[in-house]
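**Q** Can you read through this structure? Questions will come right after.
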2 protein chains.
Amino acid sequence: MTETINRQILLASRPQGAVTPDNFRLVETVLPPLQDGQVRVRNHFLSLDPYMRGRMNDGKSYAAPQPVGEVMIGGTVGEVVASRNGHWQVGDHVGAMFGWQEFGTSDGSGLQKVDASAIPLSAYLGVVGMPGVTGWYGLNRILKPVAGETVVVSAASGAVGSVVGQLAKRHGCRVVGIAGGAEKCSYVKDELGFDACVDYKAGDVLGGLKAAAPQGIDGYFDNVGGPTLDAAMVLMNAFGRIAVCGAIAGYDGAPLVMKYPTLILISRLKVEGFIVSEHMEVWPEALGQLGGLAASGQLKYRESVAEGLQSAPEAFIGLLKGRNFGKQVVKLI
Amino acid sequence: MTETINRQILLASRPQGAVTPDNFRLVETVLPPLQDGQVRVRNHFLSLDPYMRGRMNDGKSYAAPQPVGEVMIGGTVGEVVASRNGHWQVGDHVGAMFGWQEFGTSDGSGLQKVDASAIPLSAYLGVVGMPGVTGWYGLNRILKPVAGETVVVSAASGAVGSVVGQLAKRHGCRVVGIAGGAEKCSYVKDELGFDACVDYKAGDVLGGLKAAAPQGIDGYFDNVGGPTLDAAMVLMNAFGRIAVCGAIAGYDGAPLVMKYPTLILISRLKVEGFIVSEHMEVWPEALGQLGGLAASGQLKYRESVAEGLQSAPEAFIGLLKGRNFGKQVVKLI
């Protein structure tokens, strides 16, 4: 029997400030023989997501830190290549959390069967996966917009933001995105159908938002925190809602304050942080809607695909700097 | 017919930073004869409340600024002394918003009849008035504590804070107050029955709170903002709620940031600002409960009484500096 090599990327060290390539280490290990009851999956795609940056830090967060010396955490989709478990057949497509590696082995738990016929496999890492449900939850359960209201979302061309904006349009809202650069802003307006998009790299986010949201902001889906959040807060209408989904601006430990917290009182705002994995009760409903819209082409999405496991660290660093365009995945096969 | 003089305090100028006595002006006017349909009330007590500080500023707030040259806004309780309105009789006790003056005249609108037999008249400005309902709303509609949780409230000996803490105790919570000075803290623990009280004037609010809330904080009722809010946020448990009721620390225009906004995400907090006058639907239920508890002595309260309209400016400045002890009122008769 020939040995199969599994390539893996470990967290080598915790970042001091910005993430660098030497925070990661690529290793090759020999896969052990499959035990009775086990399933082996060849991962086709690895998901790269901003939350991973938080896990790389040691310290208080909503989840345990990623241990140094272990395989980096991450969502994957792939295909069963060997099974000694009656519930799984070779050829099944599965989603899992196998992390940054080419193969995953499971006792059958933690696997979700996915249908790759109507929707491409990689989309289960994005629009019909965790990012899609994240957008769905924040919009429907926190922002709860009604027709005619104005919804703003940052990181608008990304995996989460693009879902938030498109769903908000379906609610009859005026939808304004915030994205970095003219190309992303064009995509957000012309392809995704947002009413307007503010290019934060052009400076003066507040002025841009004011022009794009002349009636003020009723719901803000925050993927970034920092000065962008401050600008949105200034323009929030009375009884506005803010869904706090990400704080990418603060991941590297730079001081990140909220400049105008008294606006929470003055404008009677509701500001709520959430983690979608703690609301599993909405996943079936959300994935049902997102899957239907994606399969029929009514929910658009875009992917940045990095080739090969070895490209994951640079792709991840690029993601944190906004270099990706749409959902960042790594193609592993 | 003899003329009746009405003494009034006007806003003379807007504060530049801290409020000073010369921001106010006492004037005497002759009351015009009562017209058909009108009611005249002799105000017995004037309420002084932190929200008035916000109104003294010009600029964005939840209410129009107090106009310069007009009678300062404020809640009052008093007695009908003349009536040409069939709905109101001489001797009726009424609550109203007549502001900083000795007499009020109304066409009958804006008056609430109150029963001064079981509850002292001044309590309708506090525990069974706007401050009481404020505490009731923030606790029951935003913090929604369950038995065994830990609730923290700042300005704990004040009109709002004392209601929040006593109601939270009735919910079976561990209740921790924050107040200024040993005397207020003793009152909060020994008289109001809180489990603990942190003296912010002794410094190290964070350390004090950590010791007083060993299981962390589930609900924080914020009357002050600033560093006290920052300290509470650090100790909030996952899914904690913060009711933002006041930001007294920021009224004088000092820069007031939120130091750790990423905790909203990390701890999945819900932070909500509110103004009780926008939730009139809860007043009957809240006042019913508060009135029953106050009349039977199960809800304790304390008042600081300033004597005479002319004492109102100094009493108000003292309130903003925390010099009052319990609900600050001005006795006008």
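None of the figures in this text is laboratory data; all of them are computed from the coordinates on show. Keep in mind that what you see is a predicted model, and the values were worked out from it rather than measured. Neighbour counts are summed over all protein chains in view; Cβ atoms, including those assigned to glycine, are modelled from backbone coordinates with ideal geometry.
**Q** Please arrange B:Ser267, A:Ser154 by counting, for each residue, the other beta carbons lying within 10 Å of its beta carbon, fewest first.
**A** So the ranking, lowest neighbour count to highest, is B:Ser267, A:Ser154.
**Q** In whole percent, what relative contact order does chain A give with Cα contacts below 8 Å and a gap of six or more residues?
**A** Once divided by the residue count of chain A, the mean separation gives 17 percent.
**Q** Using Cα pairs under 8 angstrom and six or more residues apart, how large is the relative contact order of the range A:1-84, in percent?
**A** Value for the range A:1-84: 37 percent.
**Q** Treat every Asp and Glu Cβ in the range A:23-74 as -1 and every Lys and Arg Cβ as +1, leave all other atoms uncharged, and give the resulting dipole magnitude about the Cα centre to the nearest 20 debye.
**A** 140 debye
**Q** A:Ile217's amide H: which non-local residues (gap 5+, or another chain) put their own amide H closer than 5 Å, with H modeled 1.01 Å from N in plane and none for Pro or chain starts?
**A** For A:Ile217, the qualifying residues are A:Met236, A:Asn237.
**Q** Ok, one more. For B:Glu3 paired with B:Ser117, estimate the spin-label separation in nm (one decimal), with each label point 7 Å from Cα along the Cα-to-Cβ line.
**A** 4.1 nm
**Q** Taking the range B:1-117, how much of its Cα-Cα pair set, in percent, is spaced more than 22 angstrom apart?
**A** Percentage above 22 Å: 39.
**Q** Tell me, what is the FRET efficiency for B:Gln310 and A:Ala238 to the nearest 0.05, using R0 = 25 angstrom and their Cβ-Cβ distance as r?
**A** Here the calculated transfer efficiency is 0.10.
**Q** Now, a different point. Do any cysteines in the protein assembly as shown lack another Cys Cβ under 4.7 Å, and if so which?
**A** So far as the 4.7 Å Cβ criterion goes, A:Cys173, A:Cys245, B:Cys173, B:Cys245 stand without a partner in the protein assembly as shown.
**Q** Something else about it: If you project the alpha carbons of chain B onto the principal axes, what extent comes out on each, in Å, largest first?
**A** For chain B, the Cα extents along the three principal axes come out at 68, 44, 33 Å.
**Q** Next up: Under the rule of at least 5 residues apart or a separate chain, name every residue whose amide H is placed under 5 Å from the amide H of B:Phe45.
**A** The list, which skips near neighbours in sequence, is B:Val77, B:Leu332.
**Q** Determine, for the range B:131-277, the count of lysine pairs separated by eight or more sequence positions (or lying on different chains) whose alpha-carbon distance falls under 13 Å.
**A** 4
**Q** Continuing with this model, one more query. If you rank B:Leu299, B:Leu206 by fewest surrounding Cβ atoms within 10 Å, what's the result?
**A** Result, fewest neighbours first: B:Leu206, B:Leu299.
**Q** Per residue, how big is the convex hull around the C-alpha atoms of the protein assembly as shown? Give it to me in cubic angstrom, could you?
**A** 174 Å³
**Q** Copy-to-copy spacing for A:Leu34, label 7 Å out on the Cα-to-C-beta vector, in nm, shortest first?
**A** Ordered by distance, the counterparts are at 9.4 nm.
**Q** Give the percent of DSSP beta bridges with both residues in chain A that are antiparallel, rounded to the nearest 5.
**A** Counting DSSP beta bridges with both partners in chain A, the antiparallel share is about 55 percent.
**Q** In whole Hz, with x marking every Gly and Pro, tabulate ³J(HN,Hα) for the range B:67-77 from phi via Karplus 6.51 cos²θ - 1.76 cosθ + 1.60, θ = phi - 60°.
**A** The phi angles translate into x, 5, x, 10, 4, 4, 5, x, x, 9, 10 Hz.
**Q** Please report the relative contact order for the range B:131-277, taking Cα pairs under 8 Å with a sequence separation of at least 6, and give it as a percent rounded to a whole number.
**A** 22 percent
**Q** Can you tell me the FRET efficiency between A:Lys321 and B:Ala147 if r is taken as the Cβ-Cβ distance and R0 is 51 Å, rounded to the nearest 0.05?
**A** 0.60
**Q** Got a sec? How would B:Lys144, A:Lys184 order by Cβ neighbour count within 10 Å, fewest to most?
**A** With the sparsest Cβ surroundings first, the list reads B:Lys144, A:Lys184.
**Q** Could I ask something else about it? Beyond 17 Å, what share of the Cα-Cα pairs of the range B:218-317 is found? Please give it as a whole percent.
**A** 68 percent
**Q** May I ask for the equivalent-ellipsoid semi-axes of the range B:131-277, computed as the square root of five times each C-alpha gyration tensor eigenvalue and listed largest first in whole Å?
**A** 19, 17, 16
**Q** Here is a follow-up. Antiparallel versus total DSSP beta bridges in the protein assembly as shown: what percent is that, nearest 5?
**A** The answer is about 55 percent antiparallel.
**Q** What distance in nm separates the two pseudo spin-label positions at B:His87 and A:Ala64, each 7 Å out from Cα along the beta-carbon direction?
**A** 6.6 nm
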